[in-house]
């Protein structure tokens with residue numbers, strides 16, 4: 001008989017043994033997920049419970065595994081961007097831009113300053129969208145729906161900006177090798193400026209609603225803490241690591257896309273608990289707003305893409321009238337671009353940590369191997385340790401403050 | 001003083017002369033090869049040495065080279081990062097194609113746990129000493145290792161995706 005037909009307590013007998021407390025009372029097993037609304041994604045946690053307290057847990061992931069790394073080995077380079085969209089779908093432009101920058105590093109392409117600034121703007125907008133979701137949903141999970149509904153309309157505003165730039169909203173598939181597919185329209189800049197005007201007061205109201213809220217503080221302080229040493233050993237990066245007090249931020253450590261031109265702080269927490277993660281994300285939103293303002297103010301003149309005819313699609317009118325453009329167009333669309341044999345690793349600061357692309361090329365039209373370093377996948381393994389001994393409702397708050405995105409976790 | 005790649009190389013060669021080889025600078029990352037039998041000691045040295053201080057294991061992943069000689073058909077790649085001097089290195093360990101085995105580094109970095117499980121899941125590389133080496137993203141009942149090159153992406157019998165007219169066959173796509 002297949003193991004799958006057994007009841008969970010037998011099927012996972014080797015994971016969690018039915019045990020008794022010292023006083024003889026029985027422990028129970030609870031299946032949290034895979035499709036529980038509070039897990040915000042599809043992963044299962046089998047928890048051994050003593051009343052409402054978690055004694056031990058075991059996570060099962062992979063429910064939406066879509067074999068991205070395998071698909072990537074069979075697709076020309078430009079067709080891999082839609083795969084990156086679907087990893088961290090709360091901030092897909094960061095994934096898109098990270099992938100283009102990886103390719104540009106492999107192909108030794110120098111990108112114009114203006115493109116780098118535009119990329120910074122779109123990546124910071126994506127980071128704001130990501131943090132809006134994470135923090136407002138943390139509010140929902142602790143019982144405050146108002147803040148969520150209030151700030152979520154600004155996520156919609158950000159999506160309208162994406163729409164203006166690339167036509168898509170959630171899975172953006174934005175950009176090309178060397179730049180953007182078209183010049184940003186005046187409407188895009190107008191919408192960004194509107195957003196920068198309207199969003200800050202709302203965000204500070206949202207902060208006021210929760211940050212010093214007695215109920216919220218009781219529900220999050222000392223909930224799901226992790227020490228800096230453990231977090232580093234577990235491979236934490238991003239806001240979750242900074243909440244433990246380590247100021248590791250790739251935008252500062254290894255500036256990409258001209259991040260070195262901007263002044264910003266790296267907010268850190270202290271105790272690594274749910275409340276600190278919330279505060280770090282809140283503060284990062286302010287830093288992101290400031291970076292976008294600086295980028296807009298310092299925006300250089302120039303083209304919106306690099307001059308790389310081998311990789312960048314020629315204008316459509318040239319394709320119909322000139323031979324070279326037609327050849328380039330055909331080759332690029334068919335994925336036949338010249339690629340050196342090389343290996344690159346490029347990290348970007350994603351919404352929830354170091355998003356790395358490890359690309360191995362063998363000179364053919366597809367990657368030989370492409371590995372995504374997905375921050376969620378790496379830090380989610382600490383979840384069981386973080387919730388051990390906590391209440392079930394605290395586990396839910398911890399999970400949503402970790403900002404685990406199932407799409408990124410499972411790839 | 002910043003940590004130079006030559007320092008890393010000299011230190012490693014002094015301590016592990018026959019084990020480390022093939023030092024190269026690939027774009028912004030300093031890379032080298034380590035004999036797969038000694039990965040645990042080399043990594044411990046990289047982490048605990050007073051000047052090297054590679055405190056963070058960024059990434060673990062596998063690669064399949066089916067056309068290479070038998071002893072080099074699999075590779076496990078470790079990316080390490082020294083946060084104090086901000087230096088990254090990449091370590092490659094080549095493994096036997098029929099019997100890919102390497103020591104687990106979970107005892108040094110807790111984060112290696114799931115990454116090694118993932119590598120096992122997709123490549124069938126056995127990590128000796130891993131606390132719980134079982135499949136993670138694929139279903140437990142699966143018998144093959146899908147990231148190996150011989151595993152086809154889709155059903156080879158499909159007739160609706162004929163790309164021969166573009167000079168493409170199932171071998172070169």
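Within the range A:353-371, the set of residues being more than 11 Å from chain B (Cβ to nearest Cβ) and at pLDDT below 90 comprises A:363 only. Taking the stated definitions as given, is residue A:314 in a loop (DSSP other than H, G, I, E, B) and not assigned by TED's automatic domain parsing to the domain that holds residue A:214? Judged against the criteria, residue A:314 is a match. Got at least one residue in the range A:43-66 being modelled with pLDDT of 90 or more, within 21 Å of residue A:352 (Cα to Cα), in contact with a strand residue (DSSP E or B) (Cβ under 8 Å, 6 or more places away or on another chain) and within 14 Å of chain B (Cβ to nearest Cβ)? No, the range A:43-66 contains no residue that is modelled with pLDDT of 90 or more, within 21 Å of residue A:352 (Cα to Cα), in contact with a strand residue (DSSP E or B) (Cβ under 8 Å, 6 or more places away or on another chain) and within 14 Å of chain B (Cβ to nearest Cβ). Of the strands (runs of 3 or more DSSP E) contained entirely in the range B:23-87, those carrying at least 1 residues that are crowded, with 22+ Cβ neighbours inside 10 Å, within 13 Å of chain A (Cβ to nearest Cβ) and in contact with a strand residue (DSSP E or B) (Cβ under 8 Å, 6 or more places away or on another chain) fall at B:56-64, B:74-82.
Where in the range A:184-247 are there helices (runs of 4 or more DSSP H), lying wholly inside it, with at least 1 residues that are touching a strand residue (DSSP E or B) at 6+ places or on another chain (Cβ under 8 Å)?
In the range A:184-247, the matching helices (runs of 4 or more DSSP H) lie at A:228-233, A:238-242.
Of all residues assigned to the range A:162-174, none qualifies as being under 22 Å from residue A:41 (Cβ atoms), without any contact (Cβ under 8 Å) to a residue 24 or more places away in the chain and buried (at least 18 other Cβ atoms within 10 Å of the Cβ). Considering the range A:67-93, and only residues there that are more than 9 Å from chain B (Cβ to nearest Cβ) and within 20 Å of residue B:115 (Cβ to Cβ), the residue that is farthest from the chain's Cα centre (by Cα) turns out to be A:72.
Tell me, which residue of the range B:125-156 that is in contact with a strand residue (DSSP E or B) (Cβ under 7 Å, 6 or more places away or on another chain) and part of a loop (DSSP other than H, G, I, E, B) is nearest to the other protein chains (Cβ to nearest Cβ)? Filtering first and then ranking leaves B:147.
Restricting A:378, A:337 to those that are in contact (Cβ under 8 Å) with a residue 12 or more places away in the chain, surrounded by 24 or more Cβ atoms within 10 Å (Cβ to Cβ) and out of contact with any helix residue (DSSP H, G or I) (no Cβ under 6 Å at 6 or more places or on another chain) reduces the list to A:378.
Looking only at residues in the range B:110-138 that are in contact (Cβ under 8 Å) with a residue 60 or more places away in the chain and touching a helix residue (DSSP H, G or I) at 6+ places or on another chain (Cβ under 8 Å), which one is farthest from residue A:61 (Cα to Cα)?
Top of the filtered list is B:125.
Does residue A:272 fit the bill of being within 20 Å of the chain's Cα centre (by Cα) and either touching a residue at least 60 places away in the same chain (Cβ under 8 Å) or not assigned by TED's automatic domain parsing to the domain that holds residue A:220 (or both)? Judged against the criteria, residue A:272 is not a match. Here A:139, A:178 are screened, and the one residue that is touching a strand residue (DSSP E or B) at 6+ places or on another chain (Cβ under 8 Å) and farther than 20 Å from residue A:298 by Cα is A:178.
Restricting A:301, A:349 to those that are away from chain B (no Cβ under 14 Å), over 29 Å from residue B:153 (Cα atoms) and either at pLDDT below 95 or over 22 Å from the mean Cα position of the chain (by Cα) (or both) reduces the list to A:301.
Listed here are the residues, each with its yes/no results for (1) buried (at least 24 other Cβ atoms within 10 Å of the Cβ); (2) touching a helix residue (DSSP H, G or I) at 6+ places or on another chain (Cβ under 9 Å); (3) closer than 30 Å to residue A:216 by Cα.
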{"residue": "A:84", "(1), (2), (3)": "yes, yes, no"}
{"residue": "A:93", "(1), (2), (3)": "yes, yes, no"}
{"residue": "A:108", "(1), (2), (3)": "no, no, no"}
{"residue": "A:112", "(1), (2), (3)": "no, no, no"}
{"residue": "A:131", "(1), (2), (3)": "yes, yes, yes"}
{"residue": "A:146", "(1), (2), (3)": "no, yes, yes"}
{"residue": "A:152", "(1), (2), (3)": "no, yes, yes"}
{"residue": "A:159", "(1), (2), (3)": "no, yes, yes"}
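The values are calculated or read from the model by the stated rules, or taken from the named source; none is laboratory data. Here the structure is a predicted model, which means the values were calculated and not measured. Virtual Cβ from ideal backbone geometry, glycine too; neighbours counted across all protein chains shown.
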